[in-house]
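S.K.: Please see the structure below; I have some questions.
The values are calculated or read from the model by the stated rules, or taken from the named source; none is laboratory data. Remember, predicted model here, so these are calculated numbers, not experimental data. Cβ sites come from the backbone with ideal geometry, for glycine too, and all protein chains shown count toward neighbours. These accessible areas exclude ligands, DNA and RNA; they are computed on the full protein's heavy atoms, side chains included. Shrake-Rupley method; radii C 1.70, N 1.55, O 1.52, S 1.80 Å.
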Amino acid sequence: MSSEILDLKIINARLRKGKKGEVFSIGVRGGKIDSIEPELSTSPSQTSAAAGEVSRVHGKQALKTLDAAGGLVTESFVNGHLHLCKVYTMELAGQNAYSEYHKGGMGGAMTAIERAADFKGAYDKDWILPNVRRACDLALHYGNTHIRAFADVDSKARLEGIKALLEARSEYSGRVDLQIVAFPQDGIIRESKAAGYVDEALRLGADAVGGIPWIEYTKEDEQLHVDEMFALAKKYGKDVSMLLDDVGDPGERTLEMCILKTIEYGWHGRVTAQHCRAMALYEENYFRKIAALMRKANIGLVADPHTGPLHARVRDLAAAGVNVALGQDDIADAYYPYGRNNMLEVAFLASHLMWMTSLQDMELLYDMITAMAAQVLGMRGHVLEPGGNADLVVLKAEDIYHAIWEHEAPIYVIRNGAVVKPV
Ligand SMILES: [Zn+2]
């Protein structure tokens, strides 16, 4: 046993893979998980009373001790997709997009995006930033420590959304990690100035290149869109997060274009496929080929089943060895009226919408908002094991089933070994 002092110790913690009634002590030092050891007593109340004794038994004293009181402790939550520049803009954007987006099996998605774009001329960092802060505060409250955050960049939105997100990224550094995507929502062939704005956003410090090739009018333009965005990714050495085949049309092939480009560029493990709702309409043979290619290119998928009526086939993809994740997608904007940045709530909704209601399904859903989601986003070490990052949540619930059922906020949120909730 080492006599070194831990920064933090969490006692009476239940773990996903622990036996019924078994509780553990988790040691944290230098922002990493130092040790995970079973506690001698199987009764949380007994070990709680004997916390000092537990410290002696394991030979490691800690500067701070948290009592999980028999609650589940897991990796903190990862939100694979959020349009963070648009949060709380529902009133400004109006109701025009809602009905179009969901109408005709999502055949009207393009029109919805056009209608939702009308108000973007009013974009101003000064009012966007307070909205972003409100969403980031909720993220902290709900243990959502990593967000792949999209900001629109085009001739209407200009760089106002990106600037707000860049400011929030430094403000919340060490608490909520914002991975900012420069996103040309209205296309780059249809909107000829948009690619220039993406370039500028990357120069300013955006973390990833966005894209939405299916919005272009022809297959040639879709391919050009993919090519141009990958060229920018190469120029700046950035990852790629594209919205692909996100429309009720089984003939869309932009996911395939993106996969092939990833392989051509050797960008394996650096690309995420977002939404991909048309996958629900693909022929079975084509779906199986796409799943095999995604695995080959190490492309993960982020689904947001609560914000549209078609859902990417996450269970089948996971069975085929493709990493999958969930995203909040929207919070009170032109596309979706709700959202609290609560990934357990997103998993709860996904459980209903995709009929993932067995205990085994719930385990997959939980992976999709924690460790597997981190893999989709190319994050390293987001796993609760010795040597892993000390980014954790302590829940009131004792197991995954109740965590999703109740979808309550965590009691404690730990980021980089420090308690960030409560402060
Ligand atoms: Zn989206």
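S.K.: Just to be sure I understand the filter: pairs with C-beta atoms under 8 Å, separated by 6 or more residues or on different chains, first member in segment 59-78 and free of Cβ contacts under 8 Å to residues at least 60 places away in the same chain, second member in a loop (DSSP other than H, G, I, E, B) and among the β-branched types (Val, Ile, Thr). Which pairs pass?
M.R.: Going by the 8 Å Cβ cut-off, the qualifying pairs are Lys60/Ile5; Gln61/Ile5; Ala62/Ile5; Leu63/Ile5.
S.K.: While we're looking at this one, here's another question. In this structure, is Lys125 at pLDDT 85 or above, exposed (fewer than 15 other Cβ atoms within 10 Å of the Cβ) and of a type in the set (Lys, Arg)?
M.R.: No; evaluated as a whole, the condition is false for this residue.
S.K.: For Leu317, which of the numbered conditions (1) more than 16 Å from the ligand (Cβ to nearest atom); (2) open to solvent by less than 30 Å² (accessible area, probe 1.4 Å); (3) more than 19 Å from the chain's Cα centre (by Cα) fails to hold?
M.R.: (3)
S.K.: Given the condition within 16 Å of the ligand (Cβ to nearest atom), farther than 23 Å from Glu75 by Cα, open to solvent by less than 10 Å² (accessible area, probe 1.4 Å) and assigned to a strand (DSSP E or B), answer yes or no: does some residue in segment 202-210 qualify?
M.R.: Yes: one or more hits.
S.K.: Related question: Kindly indicate whether Glu167 is in a helix (DSSP H, G or I) and either of a type outside the set (Val, Ile, Thr) or surrounded by fewer than 24 Cβ atoms within 10 Å (Cβ to Cβ) (or both).
M.R.: Yes; evaluated as a whole, the condition is true for this residue.
S.K.: Which condition breaks for Ala318 when tested against (1) within 18 Å of Thr254 (Cβ to Cβ); (2) among the aliphatic types (A, V, I, L, M); (3) not in a loop (DSSP other than H, G, I, E, B)?
M.R.: Evaluating Ala318 over (1) within 18 Å of Thr254 (Cβ to Cβ); (2) among the aliphatic types (A, V, I, L, M); (3) not in a loop (DSSP other than H, G, I, E, B) leaves (1) as the failure.
S.K.: Taking the stated definitions as given, is Thr262 over 22 Å from Ala157 (Cα atoms) and more than 23 Å from the chain's Cα centre (by Cα)?
M.R.: Here the answer is no, as Thr262 does not meet what is asked.
S.K.: Something else about it: Do you know which residues across segment 236-270 are away from the ligand (no atom under 16 Å from the Cβ) and part of a strand (DSSP E or B)?
M.R.: Correct list: Asp239 only.
S.K.: May I ask you to list the residues in segment 276-293 that are surrounded by 15 or more Cβ atoms within 10 Å (Cβ to Cβ), under 18 Å from Glu222 (Cβ atoms) and away from the ligand (no atom under 16 Å from the Cβ)?
M.R.: Leu281, Tyr282, Ile290, Leu293
S.K.: Conditions first: (1) touching a strand residue (DSSP E or B) at 6+ places or on another chain (Cβ under 7 Å); (2) crowded, with 24+ Cβ neighbours inside 10 Å. Ile215 passes all but one, so which condition is the exception?
M.R.: If we test Ile215 against (1) touching a strand residue (DSSP E or B) at 6+ places or on another chain (Cβ under 7 Å); (2) crowded, with 24+ Cβ neighbours inside 10 Å, just (1) comes out false.
S.K.: A further question on this structure: Looking at (1) within 16 Å of the ligand (Cβ to nearest atom); (2) among the small types (Gly, Ala, Ser); (3) in contact (Cβ under 8 Å) with a residue 40 or more places away in the chain, which is the one condition that is false for Ala273?
M.R.: Every condition holds for Ala273 apart from (3).
S.K.: Output the qualifying pairs, or none if there are none: Cβ atoms under 8 angstrom, residues six or more apart or on different chains, first residue in segment 364-381 and open to solvent by 10 Å² or more (accessible area, probe 1.4 Å), second residue β-branched (Val, Ile, Thr) and assigned to a helix (DSSP H, G or I).
M.R.: Leu364/Val314
S.K.: Now a separate question. Look at segment 192-212 and say how many of its residues are over 21 Å from Arg253 (Cα atoms), free of Cβ contacts under 8 Å to residues at least 40 places away in the same chain and touching a strand residue (DSSP E or B) at 6+ places or on another chain (Cβ under 9 Å).
M.R.: Of the residues in that region, 5 qualify.
S.K.: Filter segment 302-314 down to residues that are open to solvent by less than 20 Å² (accessible area, probe 1.4 Å), under 15 Å from the mean Cα position of the chain (by Cα) and within 13 Å of the ligand (Cβ to nearest atom), then give me how many there are.
M.R.: Number satisfying all stated conditions: 5.
S.K.: Anything in segment 328-385 that is more than 16 Å from the ligand (Cβ to nearest atom) and within 18 Å of Lys86 (Cα to Cα)? List them, or say none.
M.R.: Arg340, Asn342, listed by residue number.
S.K.: Taking the options Ile147, Ile188, Ile162, name whichever one is within 16 Å of the ligand (Cβ to nearest atom), of a type in the set (Val, Ile, Thr) and either at pLDDT 95 or above or outside any strand (DSSP E or B) (or both).
M.R.: Just one listed residue meets the conditions, Ile147.
S.K.: Quick check: anything in segment 173-181 in contact (Cβ under 8 Å) with a residue 12 or more places away in the chain and surrounded by fewer than 18 Cβ atoms within 10 Å (Cβ to Cβ)?
M.R.: Yes, because at least one residue in segment 173-181 is in contact (Cβ under 8 Å) with a residue 12 or more places away in the chain and surrounded by fewer than 18 Cβ atoms within 10 Å (Cβ to Cβ).
S.K.: If we keep just the residues of segment 231-249 that are of a type outside the set (D, E, K, R) and over 25 Å from Tyr282 (Cα atoms), which is surrounded by the fewest Cβ atoms within 10 Å (Cβ to Cβ)?
M.R.: Among residues in segment 231-249 that are of a type outside the set (D, E, K, R) and over 25 Å from Tyr282 (Cα atoms), the one surrounded by the fewest Cβ atoms within 10 Å (Cβ to Cβ) is Gly237.
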